[in-house]
Amino acid sequence: MLKAAFNALKNLFSTPATIDYPFEKSPKNKEARGLILFEEPKCIWCLKCEDVCPPGAIRFTQDRESFDYTYHYNPYLCIYCSECVRACPDSAVALSQCNELSPPTDDKNMNDNWFKIEKEAEESKIAVKELKKIKKEESS
Amino acid sequence: MKTTKELVTLHEIRGAIEGFYDPQIWHFVCINGLFENDELEIQWCFAKIGVKDEWKVFYAKAPGDALLPSLADIMPTARMYEGELRDLLDANFENSVKGMFIELDGLEAPLRIKR
Amino acid sequence: MSWLLTLLAPILGGFLYGIERKLTARMQSRKGPPILQPFFDLFKLADKRPMVVHSYHAFMGIIHFVAAWVALSVLFFGGDLLVAIFFHLLSTSLLIVAGYSVKSTYSRLGATRELIAIAALEPILILTAISFYLHTGSFEVSKILTAPTSIFTSVLGFLALLIALPGLLKKSPFDAAEAHQEIVGGVEIEFSGFFYDTVYAAKWLDMLFVFTLVFLFGGSSFVVGGALAVFAFFVVLLADNSTARVRYCDMVRLLYSLAFVLAGANIILGVVL
Amino acid sequence: MKKTIHIPIGSQHISLLEPVRFSFECENETIIKVEADVGYVHRGVELACTTKFKFKQVGYVVARVCGLCAIVHSTCYTLGIEELMGIEVPKRASYLRLIANELDRIHSHLLCLSHTAENAGYEALFMRIMKDRELVMEVQEAMTGNRIQFDYVSIGGVNKDMNSELEGVIRNKLGLLHQKVAEIKELFDNNWSLSLKYKNVGVITKEMAYRSSLLGPIARASGVNFDVRNDSDYLPYSELGFKSITMEGGDIHSRNMVRLFELFESIRLIETALDGMPEGEIAAKVRGTPEGESYMRVEAPRGECFYYLKASKGQYLDRVRIKTPTFGSVPGMIEALKGSNYADVPAIIASFDPCLSCTAR
């Protein structure tokens, strides 16, 4: 008991362990996992990351005319598990993880429109598949 | 890993486990339930204490609405699992009345409904 | 002077409480709230919607505050020490009545514990008053403050009061009556909004009251009195930060077997010598 | 007139970390009847695992069952699925998993100890242990990249490798922690007010522990030598010379002591594992789909965590059954609460270290 009291007294004169959080930034390790960064030129559009992402934070939509993919990433859904980075094939390395956590954004796509993007991602791929089929039949 | 599975009928379970279960040797792990092909499969899992990975599993098959025997007097912990299976699979154990997890106005027995 | 002190009492008490919270935080190696935090709390609480269980209960909270203030003012005006202690007792018992008047289990349990606690604590206060009487021949605070320092002759009485202090201030180890982990503040639980404000501020007044009592041990020498009060303040804080809460039955046993015996011995010594 | 008082605790109460409801019938603050209700945080994880997520993703889903023993759940699931798929895990990955698991145990035990102290009305000790716990949290952040939800274990191996710099950090911080834990242990042993609160309170006898098949530190504090780390070969514990700790008392004090000694044992295990860390790959190639049934259990900080997996060559599993340690210890908790004083209830509940979001899933 006396030792604990002494410890309390010692703490009185040592620096506190807590920080003024909103005014000071909390310390972060450089190994900390953060946002997923995407480099479009490197991507080979294999869609492995979309397949493997547990919360479905990465979605690709496909254009119905040019068949080009567009990358969508929702940082609010992301759980920072880096499964997509592991899944990214060695020939591409388009995805990487930095140590910044998701900052709050005003991007409407993230909250309200995300369901639309999810739906579009699925529908556009099916539509493109059918379009391709029709094209093949036409050409043959 | 050594797992022995033993099929028992609903009437034999009580006798089988009463004769088998000695808490000093076997640790009662869990009551496990499956619902496949309109049939409930209930598994009583035990693991041996002090031996590497030795399991003993009693399992019984029953139609979905059968009255299942409660073993809460042999193993007090069983009451918890019975209550849980009642909620998840709508398994009808003796003496377990209260829904422990899911509110009555919720979806009943979520693991049984085919989606 | 006494008017000023009496009027400023809640503000002084608030500052004392703020300092205490800051020091406790530093002892637990936290940064702690700003010193004005108790007042911020007060304003925020006053802003909340008051949920009154019944008017009698809320009224008891206000009266509790007033009685605590009166007890303090008696001390500041140099009145009778026994009257001050009586008002202190009255304010606590009003809170207990309020605690019993509602149907909440926690409130009732808290009231019961509070009742047991004052049964153990108030005798010690009375015995302290008697020891002042033996020393100065009067219960008048003004007389005590002009008499010579009494700490040297009544060391045992001071020790007894020191042991009882955590109980009076509801700090661990003797905070079973409040015990926020068990009964969530006990009698305070059913107060809300403005009415909780009064109970909250009465706590500060209690604090001031108790340390003024300690101050009286200094007698005419204000330096000794102030030093004793600061010492007691630190001892209470250190005890708060190095002990767990004891059960209320253990608390009563300890208070009677230690503090009561010490205070009694002090009186006997005072009579004999 | 009614002689007993009815005291509810929960589902929201200061002394509870997570929602659980107890209702006590008390006679003059002595408890004579207890009822417990644990199903406040049911999230349907088991169903989601079989309908919404593919088997490769389920590991990350079950990690969300609980924040404190996240790594335990994902380890247990992964071991089960590896058994079904017949994947040989590299030795280095096994060692890294072991280190992550033990780090998790350390931080969970420290949390439990601090919580027990806080519920006994000793806030300063709570702050002190939490401050020391920060050391192990930093180690976890450096090693896995996250402070609590590690997502460290993946099917076939682990996600992140270890280097010598990191090894130095771990050794350094754990050495510091060892000292601090020794100080805290002395405090738990010698503080007079804590001994009033802990000794001979909430006693569970050996017979009671066997009867209600208790597990984890609670069983070990009652003298039952039951530790899955002994009884199973899921991670290379026997190679590192693991010894389980048992105490005889069965009260809160011995439960705390078991946890404190296990902290030392965990620190030792991590250091030995770092010494003998084998070289090689950290993940094996994953091919095929799972098939069959597996029974897998691991030792979570709170006791035994059990997974039953059933699969039939599909992307989705047929059945995932999770049994968490707290679920098995609720009957024991009820037994321990009966006959004790109401003033001790928060401390007893905290000493069982209940993790309700695990329990209800």
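Read-outs throughout are calculated quantities, based only on the coordinates presented, and are distinct from any laboratory measurement. Fair warning: this is a prediction, and the values are worked out from it, not measured in the lab. Using ideal geometry, Cβ is built from the backbone for each residue, glycine included, and neighbour counts are taken over all protein chains shown.
Can you tell me which of D:GLU18, D:GLU25, D:GLU83 is in contact with a strand residue (DSSP E or B) (Cβ under 6 Å, 6 or more places away or on another chain), touching a residue at least 40 places away in the same chain (Cβ under 8 Å), of a type in the set (Asp, Glu) and surrounded by fewer than 21 Cβ atoms within 10 Å (Cβ to Cβ)?
D:GLU83
List every residue pair whose Cβ atoms lie under 6 Å apart, where the two residues are 6 or more positions apart in sequence or sit on different chains, the first residue falls within the stretch B:17-33 and is within 8 Å of chain D (Cβ to nearest Cβ) and closer than 16 Å to B:LEU7 by Cβ, and the second residue, located anywhere, is part of a helix (DSSP H, G or I) and of a type outside the set (Lys, Arg).
Note: pairs meeting the criteria are B:GLY33/B:LEU85; B:GLY33/B:LEU89.
For the stretch C:196-251, what are the residues that are aromatic (Phe, Trp, Tyr) and crowded, with 19+ Cβ neighbours inside 10 Å?
If the condition is that a residue be aromatic (Phe, Trp, Tyr) and crowded, with 19+ Cβ neighbours inside 10 Å, then C:TYR196, C:TYR200, C:TRP204, C:PHE209, C:PHE211, C:PHE215, C:PHE217, C:PHE233, C:TYR248 are the ones that fit.
Give the number of residues within the stretch D:295-315 that are of a type outside the set (A, V, I, L, M, F, W, C), away from chain B (no Cβ under 11 Å) and surrounded by fewer than 24 Cβ atoms within 10 Å (Cβ to Cβ).
3
Restricting attention to the stretch D:138-164, and to residues there that are assigned to a helix (DSSP H, G or I) and at the interface with another protein chain (Cβ under 10 Å from one of its Cβ atoms), which single residue is nearest to the chain's Cα centre (by Cα)?
D:GLN140
So which of C:VAL224, C:VAL199, C:VAL246, C:VAL271 ends up being within 14 Å of another protein chain (Cβ to nearest Cβ) and touching a residue at least 24 places away in the same chain (Cβ under 8 Å)?
C:VAL246
Tell me which helices (runs of 4 or more DSSP H) are completely within the stretch C:5-107 and hold 3 or more residues being of a type in the set (Phe, Trp, Tyr), within 14 Å of chain D (Cβ to nearest Cβ) and crowded, with 17+ Cβ neighbours inside 10 Å, or say none if there are none.
Passing ranges: none, list empty.
With D:LYS185, D:LYS180 as the choices, which residue is more than 10 Å from every other protein chain (Cβ to nearest Cβ), surrounded by 15 or more Cβ atoms within 10 Å (Cβ to Cβ), under 19 Å from D:ASN119 (Cα atoms) and not hydrophobic (A, V, I, L, M, F, W, C)?
Matching residue, one of D:LYS185, D:LYS180: D:LYS185.
Regarding the stretch B:18-27, can at least one residue be identified that is among the charged types (D, E, K, R) and assigned to a helix (DSSP H, G or I)?
yes
Here is a yes/no grid of residues against (1) outside any helix (DSSP H, G or I); (2) touching a strand residue (DSSP E or B) at 6+ places or on another chain (Cβ under 9 Å); (3) away from every other protein chain (no Cβ under 11 Å); (4) not aliphatic (A, V, I, L, M):
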site	(1), (2), (3), (4)
D:VAL72	no, yes, yes, no
D:VAL89	yes, yes, yes, no
D:ILE106	no, no, yes, no
D:CYS112	no, no, yes, yes
D:THR116	no, no, no, yes
D:MET130	no, no, no, no
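When only residues in the stretch D:46-59 that are over 18 Å from the mean Cα position of the chain (by Cα) and not hydrophobic (A, V, I, L, M, F, W, C) count, which is nearest to the other protein chains (Cβ to nearest Cβ)?
Out of the qualifying residues, it is D:GLN57.
It is to be established whether one or more residues within the stretch B:46-66 are within 12 Å of chain D (Cβ to nearest Cβ), surrounded by 14 or more Cβ atoms within 10 Å (Cβ to Cβ) and touching a residue at least 60 places away in the same chain (Cβ under 8 Å).
no
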